[in-house]
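Single-structure report; data block below.
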Amino acid sequence: MRHLPTRTSRTTRRRVVGALATGLLCAAGVTAPAAVADPPKSGVSGSQGASAREAPPTLDDGLALTPPMGFNNWNSTHCRAEFNEAMVKGIADIFVDKGLKAAGYQYVNLDDCWALPQRDANGKLVPDPARFPGGIKAVADYVHSKGLKLGIYTSAGTKTCSDIGFPGGLGHEYSDAQQFADWGVDYLKYDNCNNQGVDAKQRYRTMRDALKATGRPIVYSLCEWGSNKPWEWAADVGQLWRTTGDISDSWGSMLSLMKQNLPLAQYAGPGHWNDPDMLEVGNGGMTATEYRTHFSMWSIMASPLLIGTDLRKASAETLDILSNREVIAVDQDLLGKQGTVLSSEGGRWVVAKEMKDGSRVVALFNESGNAQRIATSADAVGLPHASAYTLRDLWQHKSYNTAGAISATVPAHGTVLVRVAADGKWAANPPAVELGLGGAPFVEAGKAARLTTSVTDLGRTPARRVSVALSGPSGWSVRPASPTNAGSVPTGKALTTSWTVTAPAGTATGAYDLSLKATYRSPGGVRAQSVLPLTAHVVVAPPAGASSLGDLPWLSTTNGYGPVERNTSNGESDAGDGHPITIGGVVYQKGLGVHADSAVEYYTGGSCERVSASVGVDDEKGTKGTVTFEIWADGKKVASTGTLTNADAAEPLSADVSGAQAVRLVVTDAGDGVDSDHADWGDATLSC
């Protein structure tokens with residue numbers, strides 16, 4: 001089976017069921033159905049009957065000139081009974097009552113399981129009367145009465161993707177499209193399951209023509225998982241196309257999909273968008289910091305913003321993230337540019353997006369498990385030369401002036417999102433300051449650790465009356481060892497303070513919150529404040545001698561599918577479901593089983609000399625899987641492999657990590673997506 005990051009078994013099944021069905025049909029001597037079984041309406045010919053000399057149709061219908069925004073139930077309800085008419089109407093009510101409609105959300109979309117398992121005697125789709133007693137048209141009428149639009153789901157195959165398998169659209173395109181139009185549907189998500197091996201372009205173009213034949217404007221979403229690179233051919237087929245497999249509510253899944261979608265910026269624009277799948281914000285599998293990153297990166301990528309959490313249960317924090325109008329404005333900018341990657345070294349990402357008003361939005365995104373400084377400049381992101389610039393923090397909702405530097409110490413898994421413009425009114429804002437951290441944030445209980453903080457003026461104007469404070473958990477000792485105040489910090493200069501940080505003896509290992517806060521004034525007396533949340537890790541020194549990394553505690557993990565497994569392969573999506581680590585038929589009793597993209601970080605405390613392992617693609621994935629392995633020490637790559645496949649025997653990999661405070665074991669997808677990228681660190685050993 002293929003294994004892309006997945007939220008349930010639905011995605012795992014969807015990639016094999018079409019192929020299995022095709023094989024069974026062929027074995028039985030039966031051919032797959034043609035893509036059009038019912039006749040076109042009103043004399044309009046389907047795509048299969050089009051002459052080879054005809055130019056392909058263009059989508060000049062004015063639909064989705066900005067990325068669609070709305071809601072889809074799947075991520076929060078799947079096929080459970082709670083997905084019903086009352087829920088859908090309730091979501092429409094919340095869109096209005098909570099200001100989401102006013103913020104730009106428009107579509108209330110039904111996913112799989114809305115229909116009965118069988119068509120009626122006339123071959124028509126039948127809404128499930130238990131879920132939708134009033135029928136789909138009644139739901140559409142209610143949604144329309146709120147000034148919103150309704151979306152629906154089916155698959156470009158004989159059945160949909162749920163385990164039950166409801167009727168798909170293959171062979172019924174024109175009939176189904178007309179039903180959707182008659183009900184008042186405004187958006188169609190067209191999935192890819194049970195496709196009987198019929199060419200994807202043929203299947204998706206047939207439904208395009210069927211939708212057009214209805215005469216109703218219906219936004220068309222191709223949920224083809226990026227399998228046939230729809231970004232290269234679907235601009236005249238639909239308004240958006242999936243570039244990835246399904247998302248799941250985990251940091252590793254979100255990160256993997258983001259990395260697959262970022263390189264495709266050239267294919268996005270008004271009326272044709274790259275879609276890395278729906279939002280997971282609020283579903284509980286990530287932290288608030290990670291959800292803000294999720295929302296920030298989807299917005300700078302000009303991705304569709306389809307809420308995937310049950311808004312009837314959403315927290316105030318979730319609603320604050322989803323309704324941030326300054327971030328939404330980045331996604332909905334009329335220029336229609338997708339942000340492009342300027343740099344990504346060491347997990348320090350700089351992504352910039354050109355806006356219609358000439359400004360630039362810049363995401364400083366920290367992929368790693370520890371705070372990192374990320375920097376760029378106004379010139380590097382494409383802004384014209386100016387004496388100074390206005391820098392707007394889109395999560396703090398505060399404006400500053402900068403002499404041209406765009407930099408921040410970004411918390412682990414966090415994103416600083418700013419909008420920068422060459423603005424003649426820059427002097428009305430206080431100077432931007434960058435809070436920084438020096439020294440490793442690792443604390444052994446009962447022992448004092450030394451940290452250094454900095455407050456650097458990035459602005460054209462000096463920061464006056466600067467004061468800095470560092471605070472930790474209750475019971476911790478946090479004491480300055482040098483001044484915490486300065487009368488003035490000029491442009492480019494910094495107030496640097498040393499601190500001793502002590503966790504009480506007996507403090508359990510784990511991550512603990514610190515907070516660095518600076519207050520200052522602009523030359524005109526405007527008071528400003530900047531806060532940097534930090535993480536300190538209470539750690540235990542690694543044991544002397546050689547130790548198996550499969551047995552040692554780690555600082556943090558990221559995994560593209562399921563959790564990192566100790567001393568077994570990655571297996572499936574649940575913890576503990578791996579198999580013996582096996583590479584090229586050789587079994588390893590110890591090690592780590594991961595799935596690209598992954599990172600596992602360990603504390604080494606400056607007392608270790610070497611990391612070594614036998615690495616490769618696990619045999620559990622048959623002939624698929626392509627990965628690379630890397631070893632990092634204190635943010636520097638110190639060893640790596642080339643691309644390894646399942647056909648390769650295990651490759652020895654080792655690195656000198658002398659003096660490093662932390663080491664990180666990284667597996668990438670080798671640049672071709674994460675399908676079946678189950679990777680092993682066999683006999684991974686740390687020598688101290």
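The table that follows gives values for the structure above.
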quantity: Selection count where residues are in contact with a strand residue (DSSP E or B) (Cβ under 7 Å, 6 or more places away or on another chain) and either closer than 14 Å to residue 68 by Cβ or not in a loop (DSSP other than H, G, I, E, B) (or both), scope region 96-111; calculated: 6
quantity: Region 515-528: number of residues that are out of contact with any strand residue (DSSP E or B) (no Cβ under 6 Å at 6 or more places or on another chain) and not small (Gly, Ala, Ser); calculated: 2
quantity: Breaking point among (1) touching a strand residue (DSSP E or B) at 6+ places or on another chain (Cβ under 6 Å); (2) hydrophobic (A, V, I, L, M, F, W, C); (3) touching a residue at least 60 places away in the same chain (Cβ under 8 Å), for residue 327; calculated: (1)
quantity: Residue, surrounded by the fewest Cβ atoms within 10 Å (Cβ to Cβ), within region 376-396, restricted to residues that are farther than 22 Å from residue 299 by Cα and of a type in the set (A, V, I, L, M); calculated: 386
quantity: Region 139-173, residues that are surrounded by 16 or more Cβ atoms within 10 Å (Cβ to Cβ) and of a type in the set (A, V, I, L, M); calculated: 139, 140, 143, 148, 150, 152, 156, 170
quantity: Count - residues of region 532-551 that are assigned to a loop (DSSP other than H, G, I, E, B) and either closer than 30 Å to residue 397 by Cα or in contact with a strand residue (DSSP E or B) (Cβ under 6 Å, 6 or more places away or on another chain) (or both); calculated: 2
quantity: Candidate set: region 447-464, residues that are of a type in the set (Gly, Ala, Ser) and either free of Cβ contacts under 8 Å to residues at least 12 places away in the same chain or part of a loop (DSSP other than H, G, I, E, B) (or both); chosen: the one surrounded by the fewest Cβ atoms within 10 Å (Cβ to Cβ); calculated: 448
quantity: Region 465-479: number of residues that are in contact (Cβ under 8 Å) with a residue 40 or more places away in the chain and among the hydrophobic types (A, V, I, L, M, F, W, C); calculated: 4
quantity: Qualifying residue in region 278-297 (condition: in contact with a strand residue (DSSP E or B) (Cβ under 6 Å, 6 or more places away or on another chain), buried (at least 24 other Cβ atoms within 10 Å of the Cβ) and under 27 Å from residue 169 (Cα atoms)); calculated: yes
quantity: Strands (runs of 3 or more DSSP E) enclosed by region 590-638 - at least 1 residues per element that are of a type in the set (Lys, Arg); calculated: 610-617
quantity: Identity of the residue in region 407-424, at pLDDT below 95 and small (Gly, Ala, Ser), that ends up nearest to residue 440 (Cα to Cα); calculated: 412
quantity: Complete set of residues in region 71-86 that are at negative phi and either free of Cβ contacts under 8 Å to residues at least 12 places away in the same chain or not in a helix (DSSP H, G or I) (or both); calculated: 71, 72, 73, 79, 80, 81, 82, 83, 84, 86
quantity: Selection within region 223-269 - farther than 11 Å from residue 673 by Cβ and aliphatic (A, V, I, L, M); calculated: 234, 235, 237, 240, 247, 254, 255, 258, 262, 264, 265, 268
quantity: Answer from 507, 491 - the residue that is farther than 30 Å from residue 427 by Cβ, in a loop (DSSP other than H, G, I, E, B) and not assigned by TED's automatic domain parsing to the domain that holds residue 617; calculated: 507
quantity: Residues (at pLDDT 95 or above, among the polar types (S, T, N, Q) and outside any strand (DSSP E or B)) located in region 639-660; calculated: 641, 643, 658
quantity: Output for region 264-278, where each listed residue is within 13 Å of the chain's Cα centre (by Cα) and in a loop (DSSP other than H, G, I, E, B); calculated: 276, 277, 278
quantity: Residue match in region 307-314 (condition: crowded, with 20+ Cβ neighbours inside 10 Å, at negative phi, of a type in the set (Gly, Ala, Ser) and not assigned by TED's automatic domain parsing to the domain that holds residue 286); calculated: no
quantity: Residue within region 626-647 that is in contact (Cβ under 8 Å) with a residue 60 or more places away in the chain and over 27 Å from the mean Cα position of the chain (by Cα) present; calculated: no
quantity: Residues (surrounded by 21 or more Cβ atoms within 10 Å (Cβ to Cβ) and in contact with a helix residue (DSSP H, G or I) (Cβ under 8 Å, 6 or more places away or on another chain)) located in region 95-126; calculated: 95, 100, 105, 108, 110, 111, 112, 114, 125
quantity: Selection count where residues are more than 17 Å from residue 342 (Cβ to Cβ) and either buried (at least 19 other Cβ atoms within 10 Å of the Cβ) or free of Cβ contacts under 8 Å to residues at least 60 places away in the same chain (or both), scope region 412-434; calculated: 16
quantity: Some residue of region 571-581 being closer than 30 Å to residue 439 by Cβ, among the acidic types (Asp, Glu), surrounded by fewer than 22 Cβ atoms within 10 Å (Cβ to Cβ) and touching a residue at least 40 places away in the same chain (Cβ under 8 Å); calculated: no
quantity: Options 299, 303: the member that is part of a helix (DSSP H, G or I) and of a type in the set (S, T, N, Q); calculated: 299
quantity: Filter pass, residue 231 being under 22 Å from residue 107 (Cβ atoms), buried (at least 24 other Cβ atoms within 10 Å of the Cβ) and either under 23 Å from the mean Cα position of the chain (by Cα) or at pLDDT 95 or above (or both); calculated: no
quantity: Residue match in region 397-406 (condition: at pLDDT 95 or above and surrounded by fewer than 16 Cβ atoms within 10 Å (Cβ to Cβ)); calculated: yes
quantity: Top-ranked residue of region 356-372 - restricted to ones that are surrounded by 18 or more Cβ atoms within 10 Å (Cβ to Cβ) and modelled with pLDDT of 95 or more, ranked as farthest from the chain's Cα centre (by Cα); calculated: 359
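Residue-wise test of (1) in a loop (DSSP other than H, G, I, E, B); (2) touching a strand residue (DSSP E or B) at 6+ places or on another chain (Cβ under 8 Å); (3) closer than 20 Å to residue 447 by Cβ.
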| site | (1), (2), (3) |
| --- | --- |
| 475 | yes, no, yes |
| 495 | no, yes, no |
| 498 | no, yes, yes |
| 513 | no, yes, yes |
| 530 | no, yes, no |
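Per-residue answers, yes or no, for (1) closer than 13 Å to residue 451 by Cβ; (2) among the aromatic types (Phe, Trp, Tyr); (3) crowded, with 19+ Cβ neighbours inside 10 Å:
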{"site": "466", "(1), (2), (3)": "no, no, yes"}
{"site": "474", "(1), (2), (3)": "no, no, no"}
{"site": "493", "(1), (2), (3)": "no, no, no"}
{"site": "511", "(1), (2), (3)": "no, no, no"}
{"site": "520", "(1), (2), (3)": "no, yes, yes"}
{"site": "555", "(1), (2), (3)": "no, no, yes"}
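The values are calculated or read from the model by the stated rules, or taken from the named source; none is laboratory data. For clarity, every value in this text was computed on a predicted model and none was experimentally measured. Glycine gets a Cβ as well: all are built from the backbone with ideal geometry, and neighbour counts include every protein chain shown.
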